[in-house]
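Colleague: Below: one structure in structure tokens.
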Amino acid sequence: MRWLDIKEGFRNFWKDFKSIKFGLFGLFLLFIFIVMVIINPYIVPFPNASSRWRDITHWEDNPVSAPPVWVNWFSSVKRAPSTIIKEYTFTEEKKGNLTLNKLIFEYEYFYDLPPLDIIFHSYVVGSPVIILSMERPDGQVITLTKRVISKIAGKDIRISIGNDSRTESYNFGMKYENPQQNRIERELIKPTKILFAEAKEGILVKPSSLQGTYKIMVDIILPSPNDQVSKSTLFISGGVSGWLGTDSAKRDIWSGIVAGVKWALLIGLLTAFTSVSIGVIFGVVSAYLGGWQDSLMQRIFEIFVGVPLLPVLIVMSAIFRPNIWTLIIMMSCFFWVGPVKTVRSMGLQIKEETYIEAAKAFGASSSRIIFRHMIPLLIPYSFASMALYVPSAIVYEASISLLGLGDATIVTWGQILHDALRGGAVINGLWWWVIPPGLFIALMGMTFAFIGFAMDKILHPKLRTR
Amino acid sequence: MYWRYCLKRIIYGLITFIILIFIFSTLFNTTMEKTLKSQIEEEIRAETLKMDTKMTPEEMTHFIAERRTFKQHLYHLDKPIWNRIVWRAINVLSLNFGKATIMKSSAGETDVWEIISECLPRTILLFTTAICINIILGLLLGLKKAQKAGGFMDKLTSIGTMVVYGMPSWWLGMLVIMFFAYQLRLFPSGSLHSIPPPTGLAYYIDLLYHMALPVLTLVVIGFWGSSYLIRNIVLGILQEDYIMATRTRGIPERKVLYGHAMRTAAPPIVTMALLSLLASVGGNIIFEGIFSWPGLGNLYWISIEQNDIPVLMGNLFITTALYMAGLVILDLIYGFLDPRIKVGGRR
Amino acid sequence: MIDNNIILRVKNLKIQFFTTKGVVYAVDDISFWLKKGETLGLVGESGCGKTTTVLGLVKMVPTPGKIISGSIEVDGENIIPLSENEMRNKVRWTKISMVFQGAMNCLTPVYTVGFQMMETLQKHKEIPYAEAKKRIINYLKLVGLSEDIIRRYPHELSGGMKQRVVIATALFLEPKIVICDEPTTALDVVVQAQIINLLKELKKKLGLSVIFITHDLATEAEVADRLIVMYAGKIAEIGTNENIYGNKKLSHPYTKKLIQATPRLHKKVDELSFIPGTPPDLVNPPTGCRFHPRCSEAIERCKKEEPPLIEVEKEHWIACWRIN
């Protein structure tokens, strides 16, 4: 088989493949997945999701178990979505050694349910004093919290008003409540609910939303010229967040899903490729050698076939705790048995062909005959097999991860589902946590099923209906 | 002819199984021994507590050391490694799995075999039911597809097969539970029966009620595949010369399809059905876990969570045994149904 | 005009296959007849339309093929308008039966031979089991097979035995017409001779009307009285054996070449003669006479006009411009 033969074989194959519509659709889906992997950093709010999945601080600012933002489109009660405000108006005043900075962030609030928290991030050098206050659309100004920083060389700081402004919000709210009628505990109130509510009676019990433009003002007092506060951003942690919501550990699920695409592709393709290659070579060699070598290889084959794969994988994972690469190797060690029977019978047929006899008569070595004459005929079948093995490999890995036995250094869709199960997503109806990971597993499975079945259709023209 | 084939197949199966058990014993030897050693320590501790505390510390130490040597000898831990592996393998083959570390069967037994044998029938019940329904639906749909091959319904249902090809059954189970059990509260979210289980006829109805969601999930995912496979098998046969010849002889279409075609399709279809059943023996661990169905699969889950190695190992061995037995039975049935094997070659 | 001697009359039969690559003109306007008690040979290269024609006679043309036009009269009745049910109940096997080529795969592998024969017999004739069994055994004896064949499965029989079973099955309903589609092609020479002798015997004993397809002229000469030469879906020549093999002058060029290509046992052959070129593509058949690209005697007219079948002497038709 020369390079030209391979090219021509491929061209013929592509001509047949093009005519099968669902095969093309499968290729199109695969293309989209690959594009997702490439543009990963640009389409997710948290590009480092994969490596920082178990790092709590990375996800600090997100709300817990928040539904996706588009839920608002279907609901009459609109929740404030999470956003980041990076722009602010900046004024500076100097009084001797002291510098006074004032940052004003504008926040448009036109929703029915307020955000869960407002978080101020900044990079600080020295010992500044930072005061946060809020000006409401009805003109009222509330001081939220004050933070005094003791001398630091240079660090990111985080001020969350959800925690720190409890007293101030309570006091504000109590101005409008009748203490005799409504006895409310300070510890039970949610600060943001009051801050964003209409100033009237019932503000602490049943707040109604005050919509409009809010100004979050940050006054920074820098005692010495060397102190500085820079890179300030305001993070609004909303009731809905992200394209696919957040989980109970505040992680943005969409980032996790996209991060999982490359792992799924890797696991699926690598396992499928390795195992089918091994299986095909094994089958062909077994057919070619014949005799006692063939019988021996078949006995070895039967031993591997008798292994119930998932239980053994699970037990091995439970005991040896493999990482993703070891897992791929383990899976390949068992998946290879799949193509062997078919390949062997095909090999036995090819062996009887006269050109094989001719090649032997010319003195061709066994490996030359096997690799140059027999295996190229099996390549179409190999590719069809590989395509159909990818979904299995992905589901096996997802099953292992679901049991908590997966590789903890990466994010896969199975792991997200494991967390969902543990986090009570099923019981609490957190559908945005449960549906996407499994849906993507199914979608990728569907993609490769389309491709594989299309290839299979070309290989078995007998089952064509025309 | 057939008997010789049967015998050969059974012997091969047994040999393969024994080899597998030896491989497993070797692979997991260290872990199992670790567990065994800690179990021995537990036993010794229990014994010393029960005893008279009239001994001096030296006597106590001496006693513990003595008991330890005795027990280690009993469990062959003082012998060379091959000896230990062989002994363990023989134990397994005689169904002596030892005692569970933590788990207990519903009767309170800690014997691993008891725990496992309790769970086995439940797994069989669930998956056999689902597969029977799958096969029936698959036959109905597959035959229709083969008769009108290339038609609209054929193409549509083939797409359906591909859509669910990569869908994990347990994920669909999660969705189904989330929706039907928790949101709509129509069905229970799992388990074998309600607590406390009712008696008499109500017991069986309760059982069916609990089986409804898992079986439904399995069927929804499963019947596409079986109908597609049956369609291919039957279609392949319908294109054979003898089908055309039979039609030329004037045999009515009904007989051609349900007699000649289906009878010839029986061996591969039965193979397919049994293989799905076998796949469910090991492959549906997660599924049972999601539905809290107390079968063999769920046992894996629990024994991993509770780190109960003896149960895990025993379960693995039983699963392998069932799987191998299934493969052998599969070959035997195939041989029975296909006269080319049953009756053999030319006289 | 009903000629009582003619048991099968085919008029202007056209069968086409509608494939993804185009329409295949497999059988293009052929007409012939079969007389009672005669054996009609049908010869031609692979793919010339022989099998398709006879499949058309029992309306079993496989999809995507269709009978486009023409008539097939069996015993005076045109069977083309008949429904599938009518074909099954009245024509197939009772009026026309077939012995297939390569009997390897004609019997369902999972049923015994006896079961399949009984099934066929009882479908068409309402006779009690015991009588049916007797008839089956009789016919098996007729083809030289013993009674215990009934219990055997097809894979247990040799090629020759299977072929005999198929012949017995084709005969036991005593149909008017028996079609043999290359019944001996896949068998070795010894068995071939046995089967041919058997067929000749049966022909005499039962007075069968037979259409015998083969690509081997020697076999044809042994078995048949008249023969049809087909080429590329059309009939090139019809005549009795004497006319065609005897008369060297009045012969279609294709037939001439066929006869030349058959090696003789007693003649020394230095070089095997053959017909150059390959059979034509039936999606785009050649214009005019279909044989003209490979014909050494072709003239201008052959490329443009299709020659009709013309009776050149008694019971001898040729479709060639050279002859006419």
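Colleague: When the residues of the range B:245-256 are filtered to those that are in a helix (DSSP H, G or I) and surrounded by fewer than 18 Cβ atoms within 10 Å (Cβ to Cβ), which remaining residue is farthest from the other protein chains (Cβ to nearest Cβ)?
Modeller: B:254
Colleague: Cβ contacts < 6 Å: first residue at the interface with chain A (Cβ under 7 Å from one of its Cβ atoms), restricted to the range B:141-165; second residue open to solvent by 60 Å² or more (accessible area, probe 1.4 Å) and among the polar types (S, T, N, Q), any location; separation 6+ or different chain. Result?
Modeller: Short answer, once both residue conditions are applied: B:149/A:465; B:150/A:465.
Colleague: Continuing with the same structure: Starting from the range B:312-338, keep only residues that are among the acidic types (Asp, Glu), then list their pairs with residues that are open to solvent by 10 Å² or more (accessible area, probe 1.4 Å) whose Cβ atoms are within a distance under 7 Å, requiring at least 6 positions of separation or different chains.
Modeller: Pairs found: B:331/B:9.
Colleague: Further, regarding this structure: Restricting the search to the range C:39-58, which residues are outside any helix (DSSP H, G or I) and crowded, with 20+ Cβ neighbours inside 10 Å?
Modeller: Correct list: C:39, C:40, C:41, C:42, C:43, C:44, C:48, C:49, C:58.
Colleague: Please go through the range A:411-433 and pick out each residue that is surrounded by fewer than 20 Cβ atoms within 10 Å (Cβ to Cβ) and more than 10 Å from chain B (Cβ to nearest Cβ).
Modeller: Those that are surrounded by fewer than 20 Cβ atoms within 10 Å (Cβ to Cβ) and more than 10 Å from chain B (Cβ to nearest Cβ): A:422, A:423, A:424.
Colleague: Is one or more of the residues making up the range C:243-252 touching an Asp or Glu at 6+ places or on another chain (Cβ under 8 Å), among the small types (Gly, Ala, Ser) and outside any strand (DSSP E or B)?
Modeller: Yes, the range C:243-252 contains a residue that is touching an Asp or Glu at 6+ places or on another chain (Cβ under 8 Å), among the small types (Gly, Ala, Ser) and outside any strand (DSSP E or B).
Colleague: Residue A:322 - would you say it is assigned to a loop (DSSP other than H, G, I, E, B) and open to solvent by less than 30 Å² (accessible area, probe 1.4 Å)?
Modeller: The answer is yes for residue A:322.
Colleague: I'm trying to understand the selection: among the residues of the range B:259-310, which are away from every other protein chain (no Cβ under 12 Å), open to solvent by 30 Å² or more (accessible area, probe 1.4 Å) and outside any helix (DSSP H, G or I)?
Modeller: Answer for the range B:259-310, where residues must be away from every other protein chain (no Cβ under 12 Å), open to solvent by 30 Å² or more (accessible area, probe 1.4 Å) and outside any helix (DSSP H, G or I): just B:294.
Colleague: Any residue in the range A:16-25 that is among the charged types (D, E, K, R), open to solvent by 70 Å² or more (accessible area, probe 1.4 Å) and modelled with pLDDT of 85 or more?
Modeller: yes
Colleague: Of the residues that make up the range B:171-192, is at least one outside any helix (DSSP H, G or I), open to solvent by 20 Å² or more (accessible area, probe 1.4 Å), of a type in the set (D, E, K, R) and within 14 Å of another protein chain (Cβ to nearest Cβ)?
Modeller: Yes.
Okay, residues lined up against (1) open to solvent by 50 Å² or more (accessible area, probe 1.4 Å); (2) among the polar types (S, T, N, Q):
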site: C:71; (1), (2): no, yes
site: C:85; (1), (2): yes, yes
site: C:91; (1), (2): no, no
site: C:109; (1), (2): no, no
site: C:115; (1), (2): yes, no
site: C:121; (1), (2): no, no
site: C:125; (1), (2): yes, no
site: C:131; (1), (2): yes, no
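Colleague: Just to verify a result, which residue in the range A:19-60, among those that are under 30 Å from residue C:21 (Cα atoms) and either aromatic (Phe, Trp, Tyr) or in contact with a Pro (Cβ under 7 Å, 6 or more places away or on another chain) (or both), is nearest to the other protein chains (Cβ to nearest Cβ)?
Modeller: Quick first cut of the range A:19-60, residues under 30 Å from residue C:21 (Cα atoms) only: A:19-28.
Remaining after also requiring either aromatic (Phe, Trp, Tyr) or in contact with a Pro (Cβ under 7 Å, 6 or more places away or on another chain) (or both): A:22, A:25, A:28.
On the way: A:22: 6, A:25: 10, A:28: 14 Å.
This residue is A:22.
Colleague: Pick from C:198, C:145, C:173: which is open to solvent by less than 20 Å² (accessible area, probe 1.4 Å), aliphatic (A, V, I, L, M) and within 11 Å of chain B (Cβ to nearest Cβ)?
Modeller: C:173
Residue-by-condition table, conditions (1) outside any helix (DSSP H, G or I); (2) open to solvent by 80 Å² or more (accessible area, probe 1.4 Å); (3) at pLDDT 75 or above:
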| residue | (1), (2), (3) |
| --- | --- |
| B:37 | no, yes, yes |
| B:43 | no, no, yes |
| B:59 | no, yes, yes |
| B:62 | no, yes, yes |
| B:71 | no, no, yes |
| B:76 | yes, no, no |
| B:90 | no, yes, yes |
| B:107 | yes, yes, no |
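Colleague: If you don't mind, there's one more thing I want to ask. Quick check on my filter: what residues within the range C:1-23 are open to solvent by less than 30 Å² (accessible area, probe 1.4 Å), touching a Phe, Trp or Tyr at 6+ places or on another chain (Cβ under 7 Å) and under 23 Å from residue C:306 (Cβ atoms)?
Modeller: Residues satisfying the conditions are C:10, C:16.
Colleague: When you go through A:312, A:285 one by one, which is the residue that is crowded, with 18+ Cβ neighbours inside 10 Å and within 14 Å of another protein chain (Cβ to nearest Cβ)? If you could, list the steps in order and put the result at the bottom.
Modeller: On the way: A:285 fails: within 14 Å of another protein chain (Cβ to nearest Cβ).
Just one listed residue meets the conditions, A:312.
Per-residue answers, yes or no, for (1) part of a loop (DSSP other than H, G, I, E, B); (2) in contact with a Lys or Arg (Cβ under 7 Å, 6 or more places away or on another chain); (3) of a type in the set (A, V, I, L, M, F, W, C); (4) surrounded by fewer than 19 Cβ atoms within 10 Å (Cβ to Cβ):
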position: A:178; (1), (2), (3), (4): yes, no, no, yes
position: A:199; (1), (2), (3), (4): yes, no, yes, yes
position: A:204; (1), (2), (3), (4): yes, no, yes, no
position: A:215; (1), (2), (3), (4): no, no, no, yes
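Colleague: Sticking with this structure for a sec: Tally up the residues in the range A:443-460 that are part of a helix (DSSP H, G or I), within 9 Å of chain B (Cβ to nearest Cβ) and surrounded by fewer than 22 Cβ atoms within 10 Å (Cβ to Cβ), please.
Modeller: Selection size over the range A:443-460: 1.
Colleague: Sort out for me the helices (runs of 4 or more DSSP H) sitting completely within the range A:65-175 that have 3 or more residues that are open to solvent by 50 Å² or more (accessible area, probe 1.4 Å).
Modeller: A:166-174
Residues are listed down the side, and each one gets a yes or a no for (1) open to solvent by less than 60 Å² (accessible area, probe 1.4 Å); (2) assigned to a loop (DSSP other than H, G, I, E, B):
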site	(1), (2)
C:270	no, yes
C:276	no, yes
C:279	no, yes
C:287	no, yes
C:290	yes, yes
C:293	no, no
C:296	no, yes
C:301	no, no
C:308	no, yes
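Colleague: Which of the following residues is of a type in the set (S, T, N, Q), at the interface with chain B (Cβ under 9 Å from one of its Cβ atoms) and either under 26 Å from residue A:315 (Cα atoms) or surrounded by 15 or more Cβ atoms within 10 Å (Cβ to Cβ) (or both): A:392, A:401, A:385? Give the steps one after another, and end with the answer.
Modeller: Details: A:401 fails: at the interface with chain B (Cβ under 9 Å from one of its Cβ atoms); A:385 fails: at the interface with chain B (Cβ under 9 Å from one of its Cβ atoms).
Criteria check complete, one pass: A:392.
Listed here are the residues, each with its yes/no results for (1) closer than 18 Å to residue B:327 by Cα; (2) of a type outside the set (D, E, K, R); (3) free of Cβ contacts under 8 Å to residues at least 40 places away in the same chain.
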| position | (1), (2), (3) |
| --- | --- |
| A:267 | no, yes, no |
| A:275 | no, yes, no |
| A:278 | no, yes, no |
| A:299 | yes, no, yes |
| A:311 | yes, yes, yes |
| A:315 | no, yes, yes |
| A:319 | no, yes, yes |
| A:325 | no, yes, yes |
| A:338 | yes, yes, no |
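Colleague: Looking only at the range C:88-103, count how many residues are more than 18 Å from residue C:171 (Cβ to Cβ) and more than 8 Å from chain B (Cβ to nearest Cβ).
Modeller: The qualifying residues number 1.
Colleague: Report yes if some residue within the range A:337-356 is open to solvent by 10 Å² or more (accessible area, probe 1.4 Å), under 28 Å from the mean Cα position of the chain (by Cα) and under 30 Å from residue A:401 (Cβ atoms); otherwise report no. Lay out the reasoning, then the answer.
Modeller: At the first step, the residues of the range A:337-356 found to be open to solvent by 10 Å² or more (accessible area, probe 1.4 Å) are A:337-338, A:341-342, A:344-346, A:348-355.
With the extra rule that they be under 28 Å from the mean Cα position of the chain (by Cα), the set shrinks to none.
No: zero hits.
Colleague: Just need a number here: residues in the range B:313-347 that are at the interface with chain A (Cβ under 9 Å from one of its Cβ atoms), open to solvent by less than 50 Å² (accessible area, probe 1.4 Å) and under 14 Å from the mean Cα position of the chain (by Cα).
Modeller: 7
The values are calculated or read from the model by the stated rules, or taken from the named source; none is laboratory data. The structure displayed is predicted, hence computed values, not measured ones. In this analysis, Cβ positions are derived from the backbone assuming ideal geometry, glycine residues included, and neighbour counts consider all displayed protein chains. Side chains included, ligands, DNA and RNA excluded: accessible areas come from the protein's heavy atoms. Shrake-Rupley method; radii C 1.70, N 1.55, O 1.52, S 1.80 Å.
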